Structure formats: C-alpha cells, structure tokens
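Engineer: Below is the structure I would like to discuss, written out as structure tokens.
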Amino acid sequence: MNTISRDEVAHLARLARLAVTEDELDTFAAQLDVILASVARVGEVAADDIPPTSHAVPLTNVFRADEVRPGLTQQQALSGAPATEDGRFKVPQILGGDE
Amino acid sequence: MTTATDALMPYDEVLERFDPVLGLEVHVELGTATKMFCGCPTAFGAPPNTQVCPTCLGLPGSLPVVNGVAVESAVRIGLALNCTIVDWCRFARKNYFYPDIPKNFQISQYDEPIAVDGRFDIELEDGATFRVRIERAHMEEDTGKSLHVGGSTGRIHGAEYSLLDYNRAGVPLIEIVTKPITGTGARAPEVARVYVAALRDVLRGLGVSDVRMDQGSLRCDANVSLMPKGATEFGTRTETKNVNSLRSVERAVRHEMQRQAAVLAAGGTVVQETRHFDENTGFTRPGRVKETAEDYRYFPEPDLVPVAPDTEWVIGLRKALPEPPAERRRRVQTDWDLSDLELRDMVNAGALDLITATVDAGAPAAQARSWWMSYLSQEANTRGIELAELPITPVEVARVVALVAEGGLTNNLARQVVDGVLAGEGTPDEVVESRGLAVVSDDSSLVAAVDEALAAQPDVVEKVRGGKVAAAGAIVGAVMKATGGKADAKRVRELVLERCAQ
Ligand SMILES: [Zn+2]
C-alpha cells in the first residue's frame with residue numbers, strides 16, 4: 001500500500017530539480033513509503049506528555065561575537081566548482097520556460 | 001504570457017469598483033560586521049566570492065553559529081515596531097533548490113518568529129496618522145547574487161547560464177511583515193511609500209542598517225489584491241519584487257491595482273504569482289510561479305539551538321531605544337518653532353540629525369539651522385554629495401558658531417574658517433590659527449587703521465561732520481579692507497563716528 005503517490009514523487013522531483021524517469025517514480029514511491037513508515041514508528045512511542053522536540057541538548061542562546069574571521073580566498077572558494085567565469089560559479093540555466 | 005502591454009484600468013475607476021488590500025514585506029540587511037551564521041565580512045562591493053567560507057558556501061561538515069549582535073538588532077527592531085518579543089523561538093530550514101542559496105535551504109524563521117503583533121503609526125502627507133499593524137519580524141539570511149548571461153534580454157527567461165557570487169549569501173536579514181492593510185482606498189500607493197520611508201527612518205535611527213534601497217540593504221516586496229466593493233473576502237494577491245526606491249513602491253502598487261482591476265473587469269482571474277517591477281516602464285511582469293509554503297518543507301533547524309531572549313535583557317533594550325523619528329520631529333518642530341514647510345525642508349535635506357547634533361554641541365538652533373540649511377547645503381550641492389558626507393562635523397560647526405558669538409570671528413571670517421575645515425585644514429581653531437583669521441579686537445590697532453582711512457578721505461569726514469552719517473560706510477569699508485576683513489565692522493563704525501566727532 002503506497003501512501004506516497006507517483007504524483008507526489010514527481011512533484012518532489014520537480015522541486016528538487018531532478019529528472020526522474022517513469023520507472024523511477026514507482027521505485028522511489030515504494031522506497032519513500034518504507035522510509036516514512038520507519039520514521040512514523042517514533043510516533044508510536046511518543047505519548048501526549050512528551051512535547052515534540054527538535055534538539056537533543058537542552059541548550060538555548062548559543063551566540064557568536066560579531067567578529068570577522070578568515071574565510072576562503074576566491075580561488076579556494078571556486079576550486080571545487082565544475083565551471084567558473086569572472087570569479088563566479090557558473091551554473092546552467094536555472095528556470096525552464098514554463099516557470 | 002503577459003507582456004508590458006497589460007491593460008490598465010483608469011485609477012479613478014479602479015477605486016469606484018474595488019478596495020485595495022496591501023501586504024508589505026520589507027527585508028533589511030543588518031549592518032553587522034559579519035554574516036548571520038559565520039564570521040565572513042559583510043561589506044558591500046567586494047570582488048565576487050571573496051567574503052565566503054565553508055559555512056556560507058554550504059560545504060559539507062560546516063556548521064552555523066548565530067551572530068549575537070544580529071539577534072540583538074532583531075529584538076530592537078521588534079521593540080521599535082511595538083512588537084511582542086517572544087520568550088522562545090527557533091530557526092527553520094526553508095528548502096528550495098535554486099542556486100542563489102548554495103546549501104539548498106535558507107535558514108529562516110517560520111512559525112516561531114522572534115517578534116510578533118506590532119503596530120506602527122505612520123504620518124501621511126496631509127498629516128493624518130495611519131496605523132499599520134505588524135504581523136511579525138523574523139531573522140534569516142540573505143541569498144547570493146545571480147547574474148544571468150545570454151538569452152535575448154539577459155533576464156532570467158532565456159538565460160543560457162547564470163553566474164553566482166556568494167558574498168551576500170548569509171548576510172543577516174530581518175524580514176518585517178505587515179498584516180493585511182485595508183481601508184486605504186485611493187491612498188494605497190501613498191501608504192505603501194510612506195510606510196517604507198517611515199520604517200527606513202526608524203531603522204536608521206536604531207543604527208542597525210545603512211538602509212540603502214539603491215544598494216539593496218532595504219528591499220520591499222509589495223503584495224496587492226483587490227476586493228470588489230462590498231466583498232468581505234480578499235482577492236488573489238500578487239507579490240511584486242524588485243522595488244528599489246520609495247517612488248517605485250508607490251508606482252508598483254498603483255500599477256498592480258490598475259492591472260488587476262483590468263483583468264477582473266474583463267472576467268479574468270488574477271494569477272497568484274511573483275511579479276517583477278520594471279523601473280523604466282513602471283510596469284510589472286510575471287516571474288516564477290510561487291512555490292507554496294508546503295513546497296518549502298519547513299522544519300526546525302537541527303544545527304541551531306533555540307533563541308530564548310532574557311526578559312531583563314529585552315526590558316533593558318527597550319529602555320535604551322532612541323526616540324522614534326516621528327516623535328523627535330514633532331518635538332524639534334515645537335522646540336524650534338518651525339513651520340511644517342521648514343521642518344519638511346530640513347528632513348528632505350537630511351539635515352535634521354546634523355542640526356540637532358550641532359545644537360547638542362552648544363549652538364543656538366537658529367544658527368545651527370542657518371549653517372546647515374544655507375551655506376553648507378550649497379556646498380554639498382556644488383559637490384554633488386549628501387549633507388552628511390561633507391567633511392565637517394556638527395561639533396565643528398558648533399565651535400564656529402561659538403567663535404562668532406564670542407566675538408572672535410565675524411560672519412565673513414566664519415565662512416572662511418568653515419571653508420578651511422572643508423578643505424581638510426583641521427579643526428576650526430586650527431584654521432583660525434593657520435589662516436590668521438581672528439578678529440582684530442584690539443582698539444588701539446583699530447584706531448590707527450581708522451585714523452589712517454580718515455586721513456586718506458578728508459571729504460568723507462566733512463560729510464559725516466555735516467550730518468551725513470551714512471557716508472561713514474566708506475571709511476568702514478576701507479578699514480575692513482585694510483584689516484583683511486578681520487575687524488568687527490560694528491566696532492569700526494563706532495570708532496569712525498567717535499573720531500569724526502572729535
Ligand atoms: Zn561565511
């Protein structure tokens with residue numbers, strides 16, 4: 001029983017700008033189902049008296065002083081980029097004509 | 001596809017048939033030294049990708065740490081807008097795949113903003129007060145800058161590729177969101193402009209940002225929708241981005257009202273979309289279809305712990321807030337007995353802060369105003385710069401005023417001293433010293449100069465003795481010339497009359 005539909009996988013793929021084939025839609029729908037079902041098991045042990053939590057450590061207000069720290073040079077920053085131009089990262093056309 | 005030839009309904013007709021509803025989202029880039037989550041500098045205009053690090057480039061293994069000053073600025077902005085500062089809030093990930101953010105998510109705040117439920121009273125052009133209710137102010141990080149290359153127009157549609165500079169990625173942003181603004185009628189465009197201008201003044205007064213719309217440190221997105229007269233439900237809204245000046249805010253709102261009215265009147269429906277404002281044509285054109293909040297799949301940011309502003313700290317920040325600009329203007333107007341026009345001229349010239357600082361430094365208001373509004377304004381005009389950019393400080397202007405009051409300078413000499421300060425020759429006292437501009441107040445040397453002038457023009461002496469007192473002016477002029485303008489003309493005149501009477 002799929003709780004994730006092919007359409008939802010296609011929608012997620014579009015948001016992630018991934019090209020997914022028709023076959024892959026079925027494969028991923030099934031896999032995402034398994035993942036969601038596994039994560040959902042957490043809900044089985046969560047009782048009403050346990051508030052949802054996003055952090056394992058009971059910390060708040062971890063702040064940094066507003067002081068400049070050395071970063072990367074332009075050359076270092078671009079060193080892992082597949083393509084560059086004029087000191088910038090070069091990426092393919094971002095939005096299709098329909099968006 | 002919609003083009004720049006969109007039909008527009010005449011503005012008067014729009015107002016006969018519809019009520020506009022506004023929602024304004026203002027992004028302000030904070031003037032912190034470093035970014036929101038890393039120690040990279042934030043200065044505007046650096047060569048591309050020279051203010052970056054693994055964190056703001058989203059490299060694997062890097063972790064964000066919150067800039068404490070940015071949180072403080074957010075709280076102060078919230079307080080200045082009469083918001084409630086929450087006692088606990090979190091950051092959230094806004095997921096989207098677009099290369100302006102290299103992590104593929106923007107760290108923002110979603111359902112737990114730091115400041116909520118504010119109100120901000122703005123003063124419209126006719127002096128009427130309009131209350132804008134504030135939904136929220138939240139913290140987030142700015143995106144990088146894209147440059148689209150190729151295609152027919154260089155705009156994003158048809159671009160062949162894009163070039164990314166991440167210097168701006170991660171710069172602290174505060175987004176200030178209004179509740180829907182209704183009841184403006186014909187004044188919707190004015191309300192939008194005045195709101196952004198008033199907000200800019202408040203932010204400038206707080207010293208949290210340089211609020212330069214031209215450089216993008218203050219940006220406004222204008223949401224506009226129309227309701228047919230008598231309707232109770234809001235219509236579909238559009239969000240116009242790229243509004244980079246106060247005038248554009250006004251034009252964009254007006255244009256969207258006219259465009260949407262034409263669409264609705266023709267039986268069409270308004271598409272919920274992001275539109276871009278074209279500064280040249282005053283038109284808006286469609287951008288990408290907006291992803292819904294659901295599409296962003298927000299969730300609490302696991303790499304950052306919650307922010308819990310301490311109550312005492314917030315109370316202290318509230319007490320230390322500067323006087324709101326509108327109140328300050330009203331106080332100044334009363335204290336200095338200014339007309340509305342005089343006040344507006346001062347505000348428009350950017351002189352209010354300078355004049356008040358000059359008064360604070362001990363100068364009488366009238367003199368402080370006179371210097372900044374006439375001589376220095378002309379100087380700034382000639383140089384084509386803002387008044388505040390002139391290389392003279394309010395304290396220096398106050399010192400010049402004091403020297404005149406003490407009798408150490410005449411008005412003419414005072415202008416020469418100011419010229420010296422503007423020319424970078426030092427403080428007023430240093431200029432007086434180096435240019436030798438002090439008034440000759442020693443009577444004996446003045447008497448000598450007067451006698452010399454009288455001897456040179458015996459006919460004038462006769463005229464004065466014959467009752468033509470006005471003729472003394474010629475002698476006064478001669479003495480002033482002889483002393484290089486350093487004499488007190490009033491004293492010289494007294495001496496001339498005394499000597500003639502003898
Ligand atoms: Zn960085």
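The values are calculated or read from the model by the stated rules, or taken from the named source; none is laboratory data. Not measured: the values here are computed from a predicted model. Positions of Cβ are generated from backbone atoms using ideal geometry, with glycine treated the same way; all protein chains shown enter the neighbour counts. Side chains included, ligands, DNA and RNA excluded: accessible areas come from the protein's heavy atoms. Shrake-Rupley method; radii C 1.70, N 1.55, O 1.52, S 1.80 Å.
Engineer: Quick check on the range B:79-126: of everything there that is more than 14 Å from chain A (Cβ to nearest Cβ) and of a type in the set (A, V, I, L, M), which residue is surrounded by the most Cβ atoms within 10 Å (Cβ to Cβ)?
Structural biologist: For the range B:79-126, the residue satisfying everything is B:Ala115.
Engineer: Determine whether B:Ser209 is surrounded by fewer than 18 Cβ atoms within 10 Å (Cβ to Cβ), in contact (Cβ under 8 Å) with a residue 24 or more places away in the chain and in contact with a helix residue (DSSP H, G or I) (Cβ under 9 Å, 6 or more places away or on another chain). Walk me through how you get there before you give the answer.
Structural biologist: Values: surrounded by fewer than 18 Cβ atoms within 10 Å (Cβ to Cβ): no; in contact (Cβ under 8 Å) with a residue 24 or more places away in the chain: yes; in contact with a helix residue (DSSP H, G or I) (Cβ under 9 Å, 6 or more places away or on another chain): yes.
It is false that B:Ser209 is surrounded by fewer than 18 Cβ atoms within 10 Å (Cβ to Cβ), in contact (Cβ under 8 Å) with a residue 24 or more places away in the chain and in contact with a helix residue (DSSP H, G or I) (Cβ under 9 Å, 6 or more places away or on another chain).
Engineer: Report every pair of residues separated by at least 6 positions or lying on different chains whose Cβ atoms are under 7 Å apart, first residue within the range B:169-186 and under 15 Å from B:Leu24 (Cβ atoms) and assigned by TED's automatic domain parsing to the domain that holds B:Gly45, second within 16 Å of the ligand (Cβ to nearest atom) and assigned to a strand (DSSP E or B).
Structural biologist: B:Glu175/B:Glu140
Engineer: Only one residue in B:Cys38, B:Cys53 is crowded, with 23+ Cβ neighbours inside 10 Å, within 10 Å of chain A (Cβ to nearest Cβ) and at pLDDT 95 or above, so which one is that? Don't jump to the end; show me each part of the working.
Structural biologist: Values: B:Cys53 fails: crowded, with 23+ Cβ neighbours inside 10 Å.
Just one listed residue meets the conditions, B:Cys38.
Engineer: Answer with yes or no whether B:Val28 is out of contact with any Pro (no Cβ under 8 Å at 6 or more places or on another chain) and at pLDDT 95 or above.
Structural biologist: Details: out of contact with any Pro (no Cβ under 8 Å at 6 or more places or on another chain): yes; at pLDDT 95 or above: yes.
Here the answer is yes, as B:Val28 does meet what is asked.
Engineer: Please tell me if B:Ala46 is touching a helix residue (DSSP H, G or I) at 6+ places or on another chain (Cβ under 9 Å), of a type in the set (A, V, I, L, M), surrounded by fewer than 22 Cβ atoms within 10 Å (Cβ to Cβ) and over 20 Å from B:Gly207 (Cα atoms). Show your work before the answer.
Structural biologist: Numbers: touching a helix residue (DSSP H, G or I) at 6+ places or on another chain (Cβ under 9 Å): no; of a type in the set (A, V, I, L, M): yes; surrounded by fewer than 22 Cβ atoms within 10 Å (Cβ to Cβ): yes; over 20 Å from B:Gly207 (Cα atoms): yes.
The answer is no for B:Ala46.
Engineer: Cβ-Cβ under 6 Å, sequence separation 6+ or interchain: first residue in the range A:58-79 and more than 30 Å from B:Ile114 (Cα to Cα) and assigned to a loop (DSSP other than H, G, I, E, B), partner within 10 Å of the ligand (Cβ to nearest atom) and among the polar types (S, T, N, Q). Which pairs?
Structural biologist: That search, which allows pairs on different chains as well, returns nothing.
Engineer: Take B:Val270 and decide whether it is outside any helix (DSSP H, G or I), away from chain A (no Cβ under 14 Å) and either open to solvent by less than 70 Å² (accessible area, probe 1.4 Å) or among the aromatic types (Phe, Trp, Tyr) (or both).
Structural biologist: On the way: outside any helix (DSSP H, G or I): yes; away from chain A (no Cβ under 14 Å): yes; either open to solvent by less than 70 Å² (accessible area, probe 1.4 Å) or among the aromatic types (Phe, Trp, Tyr) (or both): yes.
Yes; evaluated as a whole, the condition is true for this residue.
Matching residues to (1) over 24 Å from the mean Cα position of the chain (by Cα); (2) away from every other protein chain (no Cβ under 11 Å); (3) over 30 Å from B:Thr42 (Cβ atoms); (4) among the polar types (S, T, N, Q):
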site	(1), (2), (3), (4)
A:Ala10	no, yes, yes, no
A:Val39	no, yes, yes, no
A:Glu44	yes, yes, yes, no
A:Ala56	no, no, yes, no
A:Leu59	yes, no, no, no
A:Arg64	yes, no, no, no
A:Ala81	no, no, no, no
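Engineer: Within the range B:383-411, which residues are polar (S, T, N, Q) and at pLDDT 90 or above?
Structural biologist: First pass over the range B:383-411, keeping only residues polar (S, T, N, Q): B:393, B:410-411.
If the condition is that a residue be polar (S, T, N, Q) and at pLDDT 90 or above, then B:Thr393 is the only one that fits.
Engineer: Give me the pairs: first residue in the range B:14-38 and under 17 Å from B:Ala192 (Cα atoms), second residue within 16 Å of the ligand (Cβ to nearest atom), beta-carbon distance under 7 Å, and six or more apart or on different chains, which are they?
Structural biologist: B:His27/B:Leu173; B:Val28/B:Leu173
Engineer: Could you count how many residues in the range B:57-78 are open to solvent by 10 Å² or more (accessible area, probe 1.4 Å), within 10 Å of chain A (Cβ to nearest Cβ) and either within 12 Å of the ligand (Cβ to nearest atom) or under 30 Å from B:Thr238 (Cβ atoms) (or both)?
Structural biologist: Looking only at that region, the number is 4.
Engineer: When the range B:386-422 is examined, which residues are found to be outside any loop (DSSP other than H, G, I, E, B) and β-branched (Val, Ile, Thr)?
Structural biologist: Initially, the range B:386-422 is screened for residues outside any loop (DSSP other than H, G, I, E, B), giving B:387-389, B:394-405, B:411-422.
Result: B:Val395, B:Val397, B:Val400, B:Val401, B:Val404, B:Val417, B:Val418, B:Val421.
Engineer: Can you tell me how many residues within the range B:75-107 are in a strand (DSSP E or B) and touching a residue at least 60 places away in the same chain (Cβ under 8 Å)? Explain how you work it out, then say what you get.
Structural biologist: Step one: filter the range B:75-107 for residues in a strand (DSSP E or B), giving B:84-85, B:89, B:92-95, B:105-107.
From what's left, touching a residue at least 60 places away in the same chain (Cβ under 8 Å): B:85, B:89, B:92-95, B:107.
The number of residues fulfilling the criteria is 7.
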